[in-house]
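Accompanying notes for the structure given below.
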């Protein structure tokens, strides 16, 4: 399967969070949920360069990403994508990602409602982002190599 397959594209269009699995230098696995956007046949995830996901990718570029449709628990499809990733702090790519991230997650009715509901947290988020103490903004760029559409076992929560 590839990203152009209709079932794969449907899950990617409706999924909100990517769960990226990486492996450390010592072989320890790590899974991290991140927002994502698609473009140019790649999957882009935003984070900072000091997260375990970014550090692990620098050590071993092999990744697996899981997607499911969180807002529809009756949809038991799980998309698993294997690929290779690079971590980029290129300001142009980071801006490209942020614009698409804002469009996807905030410039819609649910996103705006969420921002308004949690407006009291915005100053803390702004301080965290601007402090830089947790690392520099970066984008994880994943080149998909293999896609599999799986079915989650019944009775398991999709979130």
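Would you calculate the separation in nanometres between label points at residue 89 and residue 136, each defined as 7 Å from the Cα along the Cα-to-beta-carbon direction? It works out to 0.3 nm between the two label points. In this simple spin-label model, placing a label point 7 Å from the Cα along the Cα-to-Cβ direction at both residue 35 and residue 17 gives a separation of 1.4 nm. On full extension, the segment bounded by residue 152 and residue 99 gains 15.8 nm, given 0.36 nm per residue less the C-alpha separation. Subtracting the Cα-Cα distance of residue 107 and residue 26 from their residue separation scaled by 0.36 nm leaves 25.1 nm.
The numbers here are math on the coordinates, done by the rules we state, and not lab data. If you're wondering where the values come from, they're calculated on a predicted model, not measured in any experiment. Note that we place each Cβ from the backbone using ideal geometry, even for glycine, and neighbour counts take in every protein chain shown.
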